[in-house]
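Asks: Mind having a look at this structure? Questions to follow.
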Amino acid sequence: MQQNILQSWNGEWPQARSTEPLATGAGVIDPGAFNTIEVDELFDNVNYASTLAGQAVLYRSLARPLDDRAAIAAKQEAVREIRDNPAVRENVENIVANAAADENRLYLLLFGEFLGGFGTARVEHQIEGYGYKQYVRGIRVVLNLVGAIYNSGRPQSPYLQGVFDKIGNFAQSNEYSLMVGPVYNSEKGLQSKEQRKNSFAPATIFRPTLFKPLLIALLVAAVWGLTRIFPSDMFQVTRDGLSVASVFFLPLALAYIPVIGGYDRDNCIIPLRDIYKNSTALGELLDGLGQLDELLAFVKYAENYGSETVLPELLDADHHCIELRDAKNPVLGHKNPGYVGNDFSMGAERLVCVTGPNSGGKTAFCKTVTQIQLLAQIGCYVPAQTAKLTVADRIFYQAPEISHLDDGEGRFGTELKRTRDIFLAASSNSLVVLDEMAEGTTFEEKMQSSIDVLDGFYRKGNSTILITHNHQLVDVFVNRRVATPKQVEFADDMPTFKLIDGISRVSHADRVAKKIGFSKQDIDNYLANS
């Protein structure tokens with residue numbers, strides 16, 4: 001069962017990037033694909049959420065995307081309703097904006113550090129005084145959010161209705177009753193009004209203020225009683241009498257504040273915040289707020305991307321397939337209308353081999369495909385004129401890794417273990433990108449190992465995209481009529497960043513070396529002048 005964001009913060013001060021991808025085979029993407037696809041950068045570009053809860057939910061969606069077609073379609077329907085219905089959008093925007101304005105007050109109550117009665121807060125995580133103000137402000141954020149939902153109209157899409165209900169249902173919880181008050185402090189602990197029904201155990205009522213009318217009245221009555229029992233001139237209302245009485249009353253007043261404030265903080269406010277911090281109902285409410293903000297962020301991302309975007313059509317097929325028209329990279333094309341788009345499709349094809357010189361755009365294109373697949377599976381818009389795809393149960397991206405000193409396998413063994421793990425976890429519904437396999441060995445061994453691995457993936461039936469400079473390897477599978485060859489286009493020795501049919505058999509290594517100032521001529525000049 002998925003953790004809510006309150007649980008993912010694990011009692012620490014909240015942060016957006018609080019969810020990690022699951023292990024290989026346990027989720028749609030694993031840590032290796034997460035890093036290679038550059039999900040952190042993708043998050044930075046899609047992140048139009050204005051609440052911390054929204055950012056945390058969005059990051060969680062990217063780290064652990066959906067693999068259920070119906071669930072993604074329901075989320076898409078909610079996005080469309082927000083985009084197409086001005087009244088719904090205005091309502092959602094108002095709810096999110098009001099929550100964003102005061103959200104940190106709730107987090108201060110839940111996770112702040114108490115400094116004591118006389119400490120001075122120097123950072124936002126610290127609470128000075130006894131916490132009365134922070135308690136009142138913190139619970140007000142939640143009560144206002146629940147009230148906003150109850151005063152809203154009902155949306156049409158089931159997903160959006162579910163999100164509204166997730167927030168509104170907090171009103172049925174015991175934590176909500178404690179926030180509304182009164183809170184009873186009895187021998188059974190802190191109890192709400194509902195919990196006190198049919199209970200006759202003695203209890204005091206917690207009020208988040210130092211001013212306790214009943215207690216003050218009792219103290220005054222006690223002092224008055226003393227004056228009746230022990231008459232003295234010190235209690236007479238005269239100038240001298242007041243001076244003498246102050247010696248008696250002032251220490252009592254000074255003791256009142258730390259005693260009452262310290263008691264309320266340690267026995268009411270801190271225990272209450274522990275209840276809230278561990279509350280499943282409050283976690284669901286924050287998840288609901290985050291989900292509202294996430295949907296709004298998708299719409300804003302599409303509006304601010306700078307080129308055409310679309311909600312992908314989700315295909316129903318027994319193996320992975322994808323069809324993109326004028327697809328652009330979600331990160332590199334963001335607010336960059338001049339970015340070159342590409343068409344791409346994998347239907348009956350199970351293996352596509354992308355060749356071409358360095359800096360031609362092979363890797364950027366493959367990251368475009370995988371990032372679009374990922375965005376599609378969180379219900380977000382993707383940068384393309386049209387996009388049709390099936391839901392992938394796994395999205396893998398293998399790139400060359402530097403071996404570690406303690407792995408004992410070297411570069412070839414390190415990469416081969418990663419490839420093995422991907423192969424075992426993949427199915428016919430998976431999307432796999434392999435970037436330059438079998439590095440760190442001889443050409444002959446590299447060829448044979450790569451042929452064996454590619455043949456295994458092809459027979460398994462998933463969509464495999466190979467990025468390689470090795471045109472001899474591509475020839476093997478093209479001659480078998482099982483691979484579709486693609487290459488990055490160059491014109492006048494410069495990349496056009498377009499993907500075209502065919503196999504690239506040329507190297508632009510000298511051009512790249514000259515560009516960075518390390519060609520043969522550069523080396524000769526350096527040695528001649530040294």
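Every read-out reported here was derived from the displayed coordinates using simple, explicitly stated rules and does not represent laboratory data. Note that this is a predicted model, so its numbers are computed, not measured. Note that we place each Cβ from the backbone using ideal geometry, even for glycine, and neighbour counts take in every protein chain shown.
Asks: From the phi angles alone, apply the Karplus equation (6.51, -1.76, 1.60; θ = phi - 60°) to region 370-386 and give each ³J(HN,Hα) in whole Hz, x where the residue is Gly or Pro.
Replies: So the J values, rounded to whole Hz, are 6, 5, 5, 4, 5, 4, 4, 8, 10, x, 9, 5, 10, x, 6, 6, 9.
Asks: Explain nothing, just the number: dipole magnitude of the chain about its Cα centre with +1 on each Lys and Arg Cβ and -1 on each Asp and Glu Cβ, in debye rounded to the nearest 20.
Replies: 1560 debye
Asks: Based solely on C-alpha atoms, express the radius of gyration and the Dmax of region 20-88 in angstrom.
Replies: 13.9, 43
Asks: So, by mean Cβ neighbours within 10 angstrom, what's the order for 363-371, 133-141, 417-425 with the highest one leading?
Replies: Packing order, densest peptide first, comes out as 363-371, 133-141, 417-425.
Asks: Placing +1 on the Cβ of each Lys and Arg and -1 on the Cβ of each Asp and Glu in the chain, which of Asn278, Ile523, Asn479 has its Cα farthest towards the positive end of the resulting dipole?
Replies: Sorting the options by dipole projection puts first Asn278.
Asks: Evaluate region 276-357: find the radius of gyration of its Cα atoms, find its Kirkwood radius, and give the ratio Rg to Rh.
Replies: Taking Rh as the inverse mean 1/r over Cα pairs, Rg/Rh reads 1.14.
Asks: In cubic angstrom, how much convex hull volume per residue do the alpha carbon atoms of region 305-529 span?
Replies: Here the figure is 156 Å³ per residue.
Asks: Using only alpha-carbon positions, what ratio does the radius of gyration of region 412-530 give when scaled by 2.2 N^0.38 Å?
Replies: Dividing the Cα Rg of region 412-530 by 2.2 N^0.38 Å gives 1.32.
Asks: A follow-up question, please. Would you kindly compute the Cα radius of gyration of region 1-122 and its largest Cα-Cα separation (Dmax), both in Å?
Replies: According to the Cα coordinates of region 1-122, Rg and Dmax are 17.4, 56 Å.
Asks: Net charge near Val96, counting Lys/Arg +1 and Asp/Glu -1 over other residues with Cβ under 13 Å of its Cβ?
Replies: -4
Asks: When the scattering of the chain is computed by the Debye formula from its Cα atoms alone, each counted once and equally, what is log10 I(q)/I(0) at q = 0.06, 0.09, 0.13 Å⁻¹?
Replies: With one equal scatterer per Cα and no solvent, log10 I(q)/I(0) is -0.45, -0.78, -1.22.
Asks: Using mean Cβ contacts within 10 Å as the protection proxy, how do 27-34, 123-130 order, highest first?
Replies: Final packing ranking: 27-34, 123-130.
Asks: Hey, another quick one. For region 270-428, take the convex hull of the Cα atoms, compute a quarter of its surface area, and give me that in nm², please.
Replies: Across all orientations, region 270-428 yields a mean hull projection of 14.7 nm².
Asks: Specify the angular offset, from 0 to 90 degrees and rounded to the nearest 10, of the alpha carbon long axis of helix 443-460 from the longest principal axis of the alpha carbons in the chain.
Replies: Roughly 70 degrees, rounded to the nearest 10.
Asks: Additional query: For a protection proxy built on the mean count of beta-carbon atoms within 10 angstrom, sort 159-169, 373-383 highest first, please.
Replies: Numbers: 159-169: 19.0, 373-383: 25.8.
Most protected by this proxy first, the peptides run 373-383, 159-169.
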